[in-house]
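Take a look at the following structure, please.
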Amino acid sequence: PNLDRMATEGMTFTRMYTEPSCTPTRVAAATGRLAVRSGMIFPIFPIHRMGLPASEVTIAEVVGDDYHTGMFEKLHFGDVEESYAHNQGWDEAIFSLYNQFAGQMFTADAENSGFTMAYSPEGYDKKYFMDETFRPLEWIWTVEGFEGQEGREFSTPTTFAEYEQANAEMFERTLAFIRSHAGSDKPFMLQWWPNLYEISDQDATRPRTTQHGSASAESVKQMDAKIGQIVELVHELGIAENTLIIAMADNGPMIPVWPETGQNGYFRGGKNDVTEGGVRVPAFAYWPGVIEPGTIAGDIVHVSDLFNTFARLAGKYDQIPRDRVIDGIDQTAIFLKGDTFGRRDYVHVYKGPNHGAIVKQQFKRHLALGTGALAGAEFFDLYKD
């Protein structure tokens, strides 16, 4: 109901494109650059030991001290300290180094429920080991940090209950951030990127509140309610007409844990695919008094465009770095004028390091990944196929 309200009272994007998976999309949103440029080309897990380089410039660094900046829940930029949110320009942050699965998979609850197999030392055969570090037995899930200070471990769950508690506390800090800066002498920019999926909702003994009753359906309902709390709060604080709120997915659905969809609505494929189902996502914008209610924008928008658009709205466009390629495009006109006022008619999609697809206007070409053979390419008219 709350996302529906954003659509009814705000704007729905019908051609919002992302990267095929979560880390690359988040990096593109934060830097205005395709993730392949920084090497952040796949979702980071504890075994990778890598992260967003310090040389990248984030939107938090672009708006700088003129804004209060906050980042809460799923950052997923990696697990080296230079990639931490408070080292990438955010004033205040509690963030997960990995995704929501990492926070739940490496627990006894996951092992006992069959979600994770042979993670605990009792569950695997060590006779043939050559690599003792393969399983990340020592790691941190979430970090709390403030700009200029050293971060500290916030939570590394050992049970599903601890995972849920950590997310609840991070959301409360999100609301507290809005309250504390609503009446400040300078505006705020908030990234609330929720840890959506809760494995514990698969527990058959838990009450179901959705028609489908799956873990994904239950999780989406919880997220929708939290979005409603944020919208209600900005109205309560009297700042709704001066606040742009954007809600969107970071990639298509992970079909193995989203079985009720089978696919992403009308679109073929899901997460990790370069098909429309992998990179064309639901997205909504809400800005009372600025965005005309019920607006439907058919313009192509890429997640990297948020970087340029936020910089423009913040009056900091001159702070966008000019010593590197910026893939984002300023799309302010869509928010101010609506459909047909977009400034992009193409998108390049990478899957890992490979150029996976090209969208140009209503046409799309899927490239033959890994072979370089034109014979394997596919062409589509997205309006008809």
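The values are calculated or read from the model by the stated rules, or taken from the named source; none is laboratory data. Not measured: the values here are computed from a predicted model. With ideal geometry, Cβ positions are generated from the backbone for all residues, glycine too; neighbour counts draw on all protein chains shown. For accessibility, only protein heavy atoms count, side chains too; no ligands or nucleic acids. Shrake-Rupley method; radii C 1.70, N 1.55, O 1.52, S 1.80 Å.
For the range 160-183, does any single residue satisfy the condition of being part of a loop (DSSP other than H, G, I, E, B) and either open to solvent by less than 60 Å² (accessible area, probe 1.4 Å) or modelled with pLDDT of 95 or more (or both)?
Initially, the range 160-183 is screened for residues part of a loop (DSSP other than H, G, I, E, B), giving 183.
Right, trim to either open to solvent by less than 60 Å² (accessible area, probe 1.4 Å) or modelled with pLDDT of 95 or more (or both) and you get none.
Checking the range 160-183: not a single residue is part of a loop (DSSP other than H, G, I, E, B) and either open to solvent by less than 60 Å² (accessible area, probe 1.4 Å) or modelled with pLDDT of 95 or more (or both).
Six or more apart or on different chains, Cβ atoms under 9 Å: show the pairs whose first residue is in the range 57-78 and touching a residue at least 12 places away in the same chain (Cβ under 8 Å) and under 19 Å from Arg179 (Cα atoms) and whose second is of a type in the set (A, V, I, L, M) and open to solvent by 30 Å² or more (accessible area, probe 1.4 Å).
Sorted first by the residue in the range 57-78, then by its partner, the pairs are His68/Leu190; Thr69/Leu190; Gly70/Leu190; Met71/Leu190; Phe72/Leu190.
With the checklist (1) open to solvent by less than 70 Å² (accessible area, probe 1.4 Å); (2) without any contact (Cβ under 8 Å) to a residue 40 or more places away in the chain in hand, flag the one item Phe363 doesn't pass.
Result: Phe363 fails condition (1) only.
Kindly provide the set of residues from the range 81-104 that are open to solvent by 40 Å² or more (accessible area, probe 1.4 Å) and free of Cβ contacts under 8 Å to residues at least 40 places away in the same chain, ordered by number.
The one that is open to solvent by 40 Å² or more (accessible area, probe 1.4 Å) and free of Cβ contacts under 8 Å to residues at least 40 places away in the same chain: Glu82.
Right, another one. Specify the residue that is farthest from Asp330 (Cα to Cα); the eligible residues are those in the range 11-30 that are assigned to a loop (DSSP other than H, G, I, E, B) and in contact with a helix residue (DSSP H, G or I) (Cβ under 7 Å, 6 or more places away or on another chain). Steps first, please.
Going residue by residue through the range 11-30, those that are assigned to a loop (DSSP other than H, G, I, E, B) are 18-21.
If we keep only those that are in contact with a helix residue (DSSP H, G or I) (Cβ under 7 Å, 6 or more places away or on another chain) too, we end up with 18-20.
Numbers: Thr18: 16, Glu19: 18, Pro20: 22 Å.
Ranking the qualifying residues of the range 11-30, first place goes to Pro20.
Only residues that are of a type outside the set (Gly, Ala, Ser), farther than 24 Å from Lys271 by Cβ and touching a strand residue (DSSP E or B) at 6+ places or on another chain (Cβ under 8 Å): list them for the range 82-122, please.
The answer is Glu82, Tyr84, His86, Asn87, Trp90, Asp91, Glu92, Ile94.
Hey, another quick one. Scanning the range 230-289 for residues that are modelled with pLDDT of 95 or more, open to solvent by 30 Å² or more (accessible area, probe 1.4 Å) and assigned to a helix (DSSP H, G or I), which turns out nearest to Thr210 (Cα to Cα)?
Glu232
I've got another one for you. Only one of Glu19, Glu82 is more than 18 Å from the chain's Cα centre (by Cα), at negative phi and at pLDDT 95 or above. Can you tell me which?
On the way: Glu19 fails: more than 18 Å from the chain's Cα centre (by Cα).
Matching residue, one of Glu19, Glu82: Glu82.
Can I ask one more? Before we move on, is Arg33 assigned to a strand (DSSP E or B), touching a Lys or Arg at 6+ places or on another chain (Cβ under 8 Å) and either open to solvent by 10 Å² or more (accessible area, probe 1.4 Å) or of a type in the set (Gly, Ala, Ser) (or both)?
So Arg33 does not fit the description; no.
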